[in-house]
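The values are calculated or read from the model by the stated rules, or taken from the named source; none is laboratory data. Keep in mind it's a predicted model, so treat the numbers as computed, not measured. FYI the Cβ positions are ideal-geometry reconstructions off the backbone, even for glycines, and counts take in every protein chain you see.
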Amino acid sequence: MNHIAIVEGDITRADVDAIVNAANPKMLGGGGVDGAIHRAAGPKLLEVCRKVKAVNGVRCPYGEARITTAGELPSQYVIHAVGPIYRQANNPKELLESAYCNSLILAKENGCRSIAFPAISCGAYGYPLEDAAHIALSVCGRLEFSGIQVVFYLFGQKMYELWCHVLQEKL
Ligand code: AR6
């Protein structure tokens, strides 16, 4: 697990190859970390998101991920991952696992050596925080992803401490 780091702070500042956005299925921006990423990236990010193939307005179903260029962000790519809405999904755990897993697969396929994640589904989508930390750190800790440097950007001291605690438990 020594390829995983945890920091407290704003993910738009991350110096990595790919920044992961906690997006919604339409992939045209929103609140929370999605809003912050679109503000920092500027209108070019929305432009490339619009070009992603949509089926009935859905560009990225729950549990999946899509990759685009990153507008004005320092990273090369934004990976838009859509976690589950905790109270609406039948299988929130599987969907959260696959949102992380699909993001890491896309990063690998595109030659990324480093990736920054926010706490997907832990804001508006209401995932219980400790469960979400276990899932995120388990998926990123899989041997198949040990070649990618993973940095979690958490908002607030409480979230930061919780994720550090869960990571310690896994070591
Ligand atoms: N850097 C790092 N983490 C952040 C930042 C930031 N700049 N801003 C917020 N967070 P959320 P979700 C934290 O709600 O639950 C959007 O409207 C935040 O404190 O952004 O997956 C989308 O468009 C929380 O811990 O994402 C979707 O509609 C975590 O990021 C919906 O919200 C995720 O909170 C997705 O909901």
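Given the residues Tyr153, Tyr127, which is the only one that is within 18 Å of His80 (Cβ to Cβ) and touching a Gly at 6+ places or on another chain (Cβ under 6 Å)?
Tyr153
Look at Ala36 and say whether it is away from the ligand (no atom under 15 Å from the Cβ), part of a helix (DSSP H, G or I) and under 14 Å from the mean Cα position of the chain (by Cα).
Values: away from the ligand (no atom under 15 Å from the Cβ): no; part of a helix (DSSP H, G or I): yes; under 14 Å from the mean Cα position of the chain (by Cα): yes.
No: the conditions fail for Ala36.
Can you find a residue in the range 115-129 that is under 14 Å from the mean Cα position of the chain (by Cα), more than 12 Å from the ligand (Cβ to nearest atom) and within 22 Å of His3 (Cβ to Cβ)?
Checking the range 115-129: at least one residue is under 14 Å from the mean Cα position of the chain (by Cα), more than 12 Å from the ligand (Cβ to nearest atom) and within 22 Å of His3 (Cβ to Cβ).
So in the range 15-27, with the set limited to residues that are within 9 Å of the ligand (Cβ to nearest atom) and of a type in the set (A, V, I, L, M, F, W, C), which one is surrounded by the most Cβ atoms within 10 Å (Cβ to Cβ)?
Ala23
From Gly57, Gly30, which residue is farther than 11 Å from Gly71 by Cβ and within 12 Å of the ligand (Cβ to nearest atom)?
Every option except Gly30 fails the conditions.
Any idea how many residues of the range 139-158 are out of contact with any helix residue (DSSP H, G or I) (no Cβ under 7 Å at 6 or more places or on another chain), part of a helix (DSSP H, G or I) and either more than 15 Å from the ligand (Cβ to nearest atom) or not basic (Lys, Arg) (or both)? Please lay out each step first, then the result.
First, the residues of the range 139-158 that are out of contact with any helix residue (DSSP H, G or I) (no Cβ under 7 Å at 6 or more places or on another chain): 142-144, 146-147, 149, 151, 155-158.
This time we only want the ones that are part of a helix (DSSP H, G or I), so: 143-144, 157-158.
Then keep just the ones that are either more than 15 Å from the ligand (Cβ to nearest atom) or not basic (Lys, Arg) (or both); that gives 143-144, 157.
Qualifying residue count for the region: 3.
For the range 103-115, which residues satisfy the criterion of being within 23 Å of Tyr160 (Cβ to Cβ) and either surrounded by fewer than 24 Cβ atoms within 10 Å (Cβ to Cβ) or among the aromatic types (Phe, Trp, Tyr) (or both)?
Ser114 - this is the single residue of the range 103-115 that is within 23 Å of Tyr160 (Cβ to Cβ) and either surrounded by fewer than 24 Cβ atoms within 10 Å (Cβ to Cβ) or among the aromatic types (Phe, Trp, Tyr) (or both).
Would you confirm, using the coordinates I've provided, whether Tyr100 is assigned to a loop (DSSP other than H, G, I, E, B), at pLDDT 95 or above and either touching a Gly at 6+ places or on another chain (Cβ under 7 Å) or buried (at least 23 other Cβ atoms within 10 Å of the Cβ) (or both)?
no
Residue check, Leu73 against (1) crowded, with 18+ Cβ neighbours inside 10 Å; (2) more than 24 Å from Cys164 (Cβ to Cβ); (3) away from the ligand (no atom under 14 Å from the Cβ); (4) not basic (Lys, Arg), all met but one. Which one?
Single failed check for Leu73: (3).
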